[in-house]
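Notes for the one structure printed next.
A short reminder: the numbers here are calculations on the coordinates, not readings from a lab. No experiment lies behind these values; they were computed from the predicted model shown. Cβ placement follows ideal geometry from the backbone for every residue including glycine, while neighbour counts extend to all protein chains displayed.
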Amino acid sequence: MITHKNDMLEWLDSNIGETHKNFIAGEWKGSLSGKTYPVYNPAKKEQVLGYFPNSEENDVNEAVEAASKAFTVWSKVPAPERSLILIRFAELLEKNADELAFMLSAEQGKALAESMGEVKRAATETRFAAGEALRVEGKTLPGERSNVWSSTVRYPIGVIAAIAPWNFPVVTPVRKIAPALAYGCTVVFKPASDTPWTSVKLMELFAEAGVPNGVVNLVIGGGSKVGNPLVNHPLVKGISFTGSTSLGIAINETAAKRLVSTQLELGGKNPAVVLDYDNVFEVAKQIIGAAFTCSGQRCTAVSRVIVLKNKAEELTNAIIEEMKKIQVGPAWEHRVTMGPLISKEHLQTVQKYLEIGKQEGARLRYGGEILESGELTDGFYMTPALFDGVTSSMRIAQEEIFGPVLSILSVESEQEAFKAANDSAYGLAASIFTNNLSSAYRFAEQVQSGMVHINHGTASAAHMPFGGIKNSGHGPFSIGSSNSEFFTEQKVLYFQY
């Protein structure tokens, strides 16, 4: 276990700078292009963590063909055996939690405690998926004729293209791969170009857990040269994608032409409606945790606080007090609770939204500064920002900023609050804080959101379906039992005797 702040730095000194490969058919293979690219630490922007394959279509073809060949065997492996392999994988995640957390924090930037939590969450979700392997259910139905037995069964659909984002490089891949294996599918996985390092370790652990060659394959590279040929490959039967709404729509259009199933987890502009409370600081604490975990770089982040006017100033002041407690810095500092943004380009994008907010007439109440003193000069750091005086028509209230920026909108009534919550193209997660049970039920019924949270932030559970509506998602929700709708297809059987 981690014992002191230098553990991560000492580990990095001994493990960075290696050249990594794709994992295809159980073997580590360099890209057929012969090219690699460097991945840098966003907290130490000159530090090269490693060199990774700049793969192309030929690498994708090889991986998909390996997965397709492996599917003929893996799909027939008994469910209890698949389940045991996943249980071993979960145990290996926990056994290697420190190393995975170091790698995750180094390539993504999040605080070390967050990275440890992500690895443990991945293990928990894997155990749930292992159980799902034993719960692939069909139905036996009454027949129309006395000598006909009617039933339905479910079968794995085949090769899955799993495409993950850079903000959760451990749990999101596991969230896609573990259920795929549980249901008998095989996988070609493309990680985000910014965060491929932990994916290499995940492949090692899948192999160590006993996953047969070709069942899980890793191809690293850019979206145009890896992602596009992967979603277009005729042997790919399902696409599980987490990322931007615009790219998700493009993938869905491509998949629709081949009648291929999609599972899309997309953007969010999540509201927290505050009507009343006993303890304003407890509400503020819940909102801060939901807004600024992962430096605000997550689809379920609360980005809009919609509060009744008579509570607005009190809540705003409480939120500011909680924001002042956030410690920004590199992951290896134990006091740190918020790390850098993923890249210089992304930091610049978030900063542009601060200027947009000011130009639109919102008031920057707290934060937003780029931090460039001491060791912070080496990374892409900013203080979390809070706007008030925001209206629903403003861009900062409508567009996904994907950074540590929170907006406060004040309204006159519950009805106006619910209307403002729904005034968005997105519908992923929504929270309400109230002591009124009727208000809570009305919100749950009226809010246009895939997930609703009453009196707490937007944290999800490892056994519950996860997904959104509107521009936040398409296809079956992930994580929970709803996964069976994506990874399996139904077949109807009639037996005459």
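If you check Ile319, Ile306, Ile288 for being over 22 Å from Ser424 (Cα atoms), buried (at least 19 other Cβ atoms within 10 Å of the Cβ) and of a type in the set (Val, Ile, Thr), only one passes: Ile319. Among the residues of the range 73-96, count how many are more than 30 Å from Ser115 (Cβ to Cβ), of a type outside the set (D, E, K, R) and part of a helix (DSSP H, G or I). Summing the residues that are more than 30 Å from Ser115 (Cβ to Cβ), of a type outside the set (D, E, K, R) and part of a helix (DSSP H, G or I) in the range 73-96 gives 4. State whether the residues of the range 47-65 include one that is hydroxyl-bearing (Ser, Thr, Tyr), within 30 Å of Thr377 (Cβ to Cβ) and in contact (Cβ under 8 Å) with a residue 60 or more places away in the chain. For the range 47-65, residues hydroxyl-bearing (Ser, Thr, Tyr), within 30 Å of Thr377 (Cβ to Cβ) and in contact (Cβ under 8 Å) with a residue 60 or more places away in the chain: absent. Considering each residue of the range 407-415 in turn, at least one proves to be under 26 Å from the mean Cα position of the chain (by Cα) and hydrophobic (A, V, I, L, M, F, W, C).
The residues listed here are Lys69, Lys120; of these, the one that is surrounded by fewer than 23 Cβ atoms within 10 Å (Cβ to Cβ), out of contact with any helix residue (DSSP H, G or I) (no Cβ under 7 Å at 6 or more places or on another chain) and touching a residue at least 24 places away in the same chain (Cβ under 8 Å) is Lys69. For the range 369-404, enumerate the residues that are in contact with a helix residue (DSSP H, G or I) (Cβ under 9 Å, 6 or more places away or on another chain) and under 30 Å from Leu437 (Cα atoms). Across the range 369-404, the qualifying residues are Leu386, Phe387, Asp388, Val390, Thr391, Ser392, Ala397.
Total residues in the range 387-423 satisfying the condition of being under 18 Å from Ile356 (Cα atoms) and in contact (Cβ under 8 Å) with a residue 12 or more places away in the chain: the figure is 22.
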